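Trainee: One structure is given below, represented as structure tokens, and several questions about it will come after.
Coordinate-derived values only; no laboratory data. None of these values were measured; they are calculated from a predicted model. Here the Cβ positions follow ideal geometry from the backbone for every residue, glycine too, while neighbour counts run over all protein chains shown.
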Amino acid sequence: MAETLARGEQSLLFLNRRGYAPLTLCRNCGYRFECPNCSAWMVEHRFHHLVITENGGVNEPLVGIISDHDILLEQALNPTIIIKKMDKAPSLAALEKTLGKVEQLRANYVEANTNSAIVQKVMTQCYSGLYRNAIRLVQKEIGPPPCAYTWIALGSLGRGEQLIITDQDHALVYEQDACAPYMADMAEKVSGI
């Protein structure tokens, strides 16, 4: 290689690397992480997909594959992602889990001293998504409505000023008195979230 460089030519070195970094170092002190069972240094491979097996074992049946993107989405506190998770919620229990993310998002906005008008808009969208999907999931549980109806958001949600989920100001307008038992059941289940 020295002779090649002395002639002004290029040299190529091929390294047998599977991963991104040759070894993992502490940025503060330079410590090289090593395997506790041998003298090999730990390397970072930057894998972007993780295989999920039934009981976590190597010889267990494959359940699925999760990507680093999936993990980021799961942990994200982004209103668009939260609302998309609401739209994909398969059950009321799954929908209720997204409510914790909404509350955490609001707390983060307040801590960051975000303009209240922005927080109100974002929270209104999140809570509108919550109720829209609660209605969808309740109807999935109790069956389709027997008549046409309109669910109307009133109060702070209706004005687009929702900050926290407190009392629920909604109206339910339907076309036939015979639908009253179904509508009462739906309203109670949606309001229970």
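Trainee: Give me the extension gain from Ser11 to Glu161: residue separation times 0.36 nm, minus the current Cα-Cα distance, reported in nm with one decimal.
Mentor: Extra length from Ser11 to Glu161 when fully extended: 47.5 nm.
Trainee: I would also like to ask the following. If I take R0 = 41 Å and measure r between the Cβ atoms of Ile142 and Asn113 in this structure, what FRET efficiency does the formula 1/(1 + (r/R0)^6) give, to the nearest 0.05?
Mentor: 0.40
Trainee: Which cross-chain or sequence-distant (5 or more) residues have an amide H under 5 Å from the amide H of Thr53, H modelled 1.01 Å from N in plane?
Mentor: HN-HN under 5 Å from Thr53: Val63.
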